[in-house]
1. For the range 27-116, what is the per residue volume of the convex hull drawn over the alpha-carbon atoms, in cubic angstrom?
2. In what sequence do Leu45, Leu86, Leu26 fall when counting other Cβ within 10 Å, fewest first?
3. Once label points are set 7 Å from the Cα along Cα→Cβ at both Leu71 and Arg55, what is their separation, rounded to one decimal in nm?
4. Could you tell me which of Leu71, Ala54, Leu84 has its Cα farthest along the dipole of the range 27-116 towards the positive end, charges placed at Cβ (Lys, Arg +1; Asp, Glu -1), taken about the Cα centre?
Amino acid sequence: MILNACPENMGEYIAACADVCIPSDLAKLTTLVYNIIRIVVPLVLIIIGMVDMARAMIAKNQDEVKKAQQLLVKKAIAGAIVFLLLSLILWSVDILSSTSETDKDKGIVECINALFNNGD
């Protein structure tokens with residue numbers, strides 16, 4: 001939702017942030033960064049772990065294979081935590097926006113939600 005009450009020469013703003021004019025481009029940027037962190041970081045961690053595991057298996061050294069297995073498990077867990085934590089944060093904001101009782105609280109939560117959902 002775009003807000004028209006902000007200065008006209010400043011471009012488009014997101015409407016969820018009632019008293020604050022936050023550019024819609026900033027909402028798009030935060031959404032992009034959030035999605036990159038949520039999706040790319042876990043994938044990169046797992047891919048790097050798999051490469052380490054492949055190197056250890058090629059070396060045919062049992063100690064290196066065990067270390068690589070432990071490292072792969074740790075990286076997979078870290079990737080899952082990053083994905084789930086960021087998803088949990090967004091889910092919490094969605095829950096807060098639906099349960100906020102005062103307009104001020106609801107406005108703040110909707111503003112945060114809009115920043116992570118491309119200004120919608």
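What follows draws every value from the coordinates through simple rules; no lab data is involved. The structure presented is a predicted model; accordingly, all values stated were derived computationally and were not measured. When we count neighbours, we look across all protein chains shown, and the Cβ atoms used for this are built from the backbone with ideal geometry, even at glycine.
1. Values: hull volume 6.2 nm³, N = 90.
Per-residue hull volume (Cα only) is 69 Å³.
2. On the way: Leu45 21, Leu86 18, Leu26 13.
Starting with the residue having the fewest Cβ neighbours, the order is Leu26, Leu86, Leu45.
3. Going from the Leu71 label point to the Arg55 one covers 0.6 nm.
4. Of Leu71, Ala54, Leu84, it is Ala54.
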